Every structure is written in C-alpha cells, then in structure tokens.
Amino acid sequence: MIDHALTFAFACFGLALLFNLYRIVVAPGVVDRVLALDTLVINSIALLGLYGILEGTAVYFEASMLIAMTGFVSTVSYARFMLRGDVIE
C-alpha cells in the first residue's frame with residue numbers, strides 16, 4: 001500500500017515541479033518568479049523526503065535540510081536585494 005501512495009505522491013510533486021518551471025519561465029513579474037522558485041525548492045525538498053522514505057535511508061533527509069537552508073537564505077537575500085538594492089549592508 002505504501003508503494004502506491006509513494007508513486008502517487010511522486011507523480012503529484014513531479015507535476016508540481018513542471019508547473020513551477022512553467023511559472024518561472026512565463027511569469028509576468030520578478031516577484032512571481034521568486035515565489036515560483038521558492039515553491040520549486042519546497043517541492044524538491046518533498047521529493048527528496050519521499051525518495052528517502054522509498055529507499056529507507058536518512059541521507060536524503062539530511063540533503064533536504066541542506067537544500068531547505070540554501071533555499072531560505074537565497075529567498076531572503078533576493079527579497080532584500082529587491083527592496084534595498086544591496087544584500088550586504
């Protein structure tokens with residue numbers, strides 16, 4: 001039963017990644033692209049977590065934590081750049 005649930009979840013998050021990539025390419029503004037990129041990072045974290053469950057190892061969970069930290073810092077720094085024009089004060 002867990003195999004079917006994982007397959008369905010992989011399909012859903014894979015489709016969400018495709019929608020995010022489309023939104024990054026076709027977005028009307030820069031803010032929409034940043035939000036789509038942040039959502040893409042969240043979906044990739046979910047895919048890594050699902051793959052970790054499928055394989056039964058904790059290595060993918062550690063990798064997803066690294067991607068989460070990197071995604072958070074990049075989103076905050078890009079938002080700061082859009083608001084103030086510089087990242088480091």
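No lab work stands behind these numbers, since they all come straight from the coordinates. This is a predicted model, so every value here is computed, not measured. So basically every Cβ, Gly included, is an ideal-geometry build from the backbone, and we count neighbours across all protein chains shown.
The table that follows gives values for the structure above.
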{"read-out": "Relative contact order [Cα under 8 Å, 6+ residues apart], the chain, whole percent", "value": "23"}
{"read-out": "Additional length obtainable on full extension of the chain from Val25 to Thr7, 0.36 nm per residue less Cα span", "value": "3.7 nm"}
{"read-out": "Theoretical ellipticity at 222 nm over the chain - DSSP helices of four or more residues, -39500 (n - 2.57) apiece, nearest 500", "value": "-31000 deg cm²/dmol"}
{"read-out": "Inverse of mean 1/r across different Cα pairs in segment 2-84, Kirkwood, Å", "value": "13.8"}
{"read-out": "Difference of contour (0.36 nm per residue) and Cα-Cα distance, Arg80 to Leu35", "value": "14.8 nm"}
{"read-out": "Mean Cβ neighbour count within 10 Å, used as a protection proxy, ranking 21-29, 46-54, 67-75 highest first", "value": "46-54, 67-75, 21-29"}
